[in-house]
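Trainee: Dumping the structure here so I can ask a few things about it.
The values are calculated or read from the model by the stated rules, or taken from the named source; none is laboratory data. Keep in mind the model is a prediction, meaning the values are calculated, not measured. Cβ placement follows ideal geometry from the backbone for every residue including glycine, while neighbour counts extend to all protein chains displayed.
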């Protein structure tokens, strides 16, 4: 490492050690559950109460929404109608979305997961309506739900490789339709969907790769029933009925996953990366719904274990596999694969998990992790296209490139629109005392404190520079607490209120708490010094490092002259030339360094090997 400050791997090791002590009876239960776990969880702001104005974030939202609005409704319903034996007009969408009764998984072409992303797209449209008030988006949600309802048939699940996966996405689309788009029929359609799906789901959570449908080929083992509880719990909490709570409990993957994780046992090795990380959101919903401390411990421990094997970008799971502790696989991936991180799906799972953990523990470093993944992975994803081209893997190979998936409409085309709608609810959280500012991006949040209307507006070019400007609007003077996340790397952070230095604590890795009577027009200026630092790939290869400035990994872009081998001093002496451009001088050569969002078609590397 380039300095002695606490790193993400230090945090992971400390968290794992703390939970191991608690498991052994060396700490009280509240310590095992995390600081603040005994307090009420923080609340999310409604989608419509946050406006994101960042150019990059807004472009991703607009791109994904335009694609979804452009898709033919007959094409969207075609696989459902075909599998129900109904007339199915319209063109095939193509790719994974198609239904092909003769599909051969060895070829992995069109027909892999028919209809699988439909529910995610309905969810994203409902969220977009909640954010913008778009009448067109709501009308499309209602039309799609009515058309889908006419196709509901058990045959869809009997013929599908992934009945639990597809049910999970349809469930989410319908509960978001009810909650966010006000569809009065959504729960009735959900009941019919559940009745059709249940005979074709396993009796309990089944580990991936285990056979549970006799006579089916290997591809039928890749279903993900262990992710279902999150949305089943949400359906129960949003009023769909007690049966959804009971189903959620039925599908909690306790015996081989949550129970050992809660005991501090690292059972990540070999697990499918995205789906098992996604299942940790189910553990968090078990805590929020049932008060299960075991499931909270499982999620916290698993996050610490995941952090210890993550890349400096925050991404994880090369070739979609989680790794054994202290193994050689992450380093080997730098030359052995270009499939480094399943980006939209992985980011969606990561954001949900860190948001849940932050809400429960109020630990700022979960926000640090969310920020790292956002800026270094999914925000730099290539745009979606209506023909099914979608970004799938981030590439951390020594010779990396941004490319589209070779498959049209893969799973990541379902999660990217959901990621894009959720930036706002990830940015701010609140409690009875005030507001937590978790992500720094141009945006505004609205909320009420009693009878006082409040609005906080962010401006600035962070993380392209050190400065964040926040302005408060209030309908009347009001005492409240504003908590600003101070990243763990931000030594020497500084806060000014109305031009005067704030004397309170700005400890890295915490939320700085500013409690006072606030008035309309009050201004806060936050400085987060982005001192350059190095992070190693693993302990066995201390010479293989990534360069970071604040939350940003700086990727060396190839000029055709081969990869440089700079000294440590040369790397730490890189200069920022523009908000999205740095330069490294190595010997006589100048090397351009770009953050992930600024990379286009260039070859790049996440890591460099130090000279000497």
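Trainee: Before we move on, is residue 311 surrounded by 22 or more Cβ atoms within 10 Å (Cβ to Cβ) and in a helix (DSSP H, G or I)?
Mentor: Numbers: surrounded by 22 or more Cβ atoms within 10 Å (Cβ to Cβ): yes; in a helix (DSSP H, G or I): no.
So residue 311 fails the test.
Trainee: Keeping to region 503-536, report how many residues are more than 22 Å from residue 461 (Cα to Cα), part of a loop (DSSP other than H, G, I, E, B) and at pLDDT 95 or above.
Mentor: Total satisfying the criteria: 3.
Trainee: Among the numbered criteria (1) assigned to a loop (DSSP other than H, G, I, E, B); (2) within 19 Å of residue 314 (Cβ to Cβ); (3) at pLDDT 95 or above, which single criterion is violated by residue 547?
Mentor: Evaluating residue 547 over (1) assigned to a loop (DSSP other than H, G, I, E, B); (2) within 19 Å of residue 314 (Cβ to Cβ); (3) at pLDDT 95 or above leaves (1) as the failure.
Trainee: Could you go through region 278-301 and let me know if any residue there is in contact (Cβ under 8 Å) with a residue 24 or more places away in the chain, under 17 Å from residue 419 (Cβ atoms) and in contact with a strand residue (DSSP E or B) (Cβ under 9 Å, 6 or more places away or on another chain).
Mentor: no
Trainee: Looking at 371, 329, 320, can you tell me which residue is outside the structural domain of residue 540 (by TED's automatic domain parsing) and at positive phi? Working first, answer last.
Mentor: Numbers: 371 fails: at positive phi; 329 fails: at positive phi.
When all the criteria are applied, what remains is 320.
Trainee: Taking the options 297, 326, 319, name whichever one is surrounded by fewer than 20 Cβ atoms within 10 Å (Cβ to Cβ) and in a helix (DSSP H, G or I). Full working, then the answer.
Mentor: Details: 297 fails: surrounded by fewer than 20 Cβ atoms within 10 Å (Cβ to Cβ); 326 fails: in a helix (DSSP H, G or I).
Just a single option satisfies the conditions, and that option is 319.
Trainee: Which ones in region 583-601 are touching a strand residue (DSSP E or B) at 6+ places or on another chain (Cβ under 6 Å) and over 17 Å from residue 396 (Cβ atoms)?
Mentor: Listed by number, the residues that qualify are 583, 584, 590, 591, 592.
Trainee: Still on this structure, please answer the following. How many residues, within region 134-149, are in contact (Cβ under 8 Å) with a residue 40 or more places away in the chain and either surrounded by 19 or more Cβ atoms within 10 Å (Cβ to Cβ) or farther than 15 Å from residue 67 by Cβ (or both)? Show your work before the answer.
Mentor: Going through region 134-149, the residues in contact (Cβ under 8 Å) with a residue 40 or more places away in the chain turn out to be 136-138, 140-145, 147-149.
From what's left, either surrounded by 19 or more Cβ atoms within 10 Å (Cβ to Cβ) or farther than 15 Å from residue 67 by Cβ (or both): 137-138, 140-145, 147-149.
Adding up the residues that qualify gives 11.
Trainee: Would you check if there is a residue in region 383-394 being in a helix (DSSP H, G or I), modelled with pLDDT of 95 or more and under 24 Å from residue 607 (Cβ atoms)?
Mentor: Keep residues of region 383-394 that are in a helix (DSSP H, G or I), which gives none.
No, region 383-394 has no match at all.
Trainee: Residues being touching a residue at least 60 places away in the same chain (Cβ under 8 Å) and either exposed (fewer than 14 other Cβ atoms within 10 Å of the Cβ) or farther than 21 Å from residue 530 by Cα (or both): count how many of those fall in region 580-601.
Mentor: Adding up the residues that qualify gives 2.
Trainee: I've got another one for you. Surrounded by 15 or more Cβ atoms within 10 Å (Cβ to Cβ), in contact with a helix residue (DSSP H, G or I) (Cβ under 7 Å, 6 or more places away or on another chain) and assigned to a loop (DSSP other than H, G, I, E, B), is that true of residue 213? First the steps, then the outcome.
Mentor: Details: surrounded by 15 or more Cβ atoms within 10 Å (Cβ to Cβ): yes; in contact with a helix residue (DSSP H, G or I) (Cβ under 7 Å, 6 or more places away or on another chain): yes; assigned to a loop (DSSP other than H, G, I, E, B): yes.
So residue 213 fits the description; yes.
Trainee: While we're here: Can you tell which of 554, 532, 572, 577 is under 32 Å from the mean Cα position of the chain (by Cα) and buried (at least 19 other Cβ atoms within 10 Å of the Cβ)? Break it down stepwise before answering.
Mentor: On the way: 532 fails: buried (at least 19 other Cβ atoms within 10 Å of the Cβ); 572 fails: buried (at least 19 other Cβ atoms within 10 Å of the Cβ); 577 fails: buried (at least 19 other Cβ atoms within 10 Å of the Cβ).
The conditions single out 554.
Trainee: Can you find even one residue in region 194-205 that is farther than 27 Å from residue 305 by Cβ, within 24 Å of the chain's Cα centre (by Cα), outside any helix (DSSP H, G or I) and at pLDDT 95 or above? Can you show your working first?
Mentor: Narrowing region 194-205 to residues farther than 27 Å from residue 305 by Cβ: 194-201, 203.
From what's left, within 24 Å of the chain's Cα centre (by Cα): none.
For region 194-205, residues farther than 27 Å from residue 305 by Cβ, within 24 Å of the chain's Cα centre (by Cα), outside any helix (DSSP H, G or I) and at pLDDT 95 or above: absent.
Trainee: What pairs come up if the first residue lies in region 522-550 and is free of Cβ contacts under 8 Å to residues at least 12 places away in the same chain, the second is surrounded by fewer than 21 Cβ atoms within 10 Å (Cβ to Cβ), and their beta carbons are under 6 Å apart, counting only those six or more places apart or on different chains?
Mentor: 542/536
Trainee: Could you list, in sequence order, the residues of region 32-55 that are buried (at least 17 other Cβ atoms within 10 Å of the Cβ) and at pLDDT 95 or above?
Mentor: 41, 42, 44, 45, 47, 49, 50, 52, 54 - these are the residues of region 32-55 that are buried (at least 17 other Cβ atoms within 10 Å of the Cβ) and at pLDDT 95 or above.
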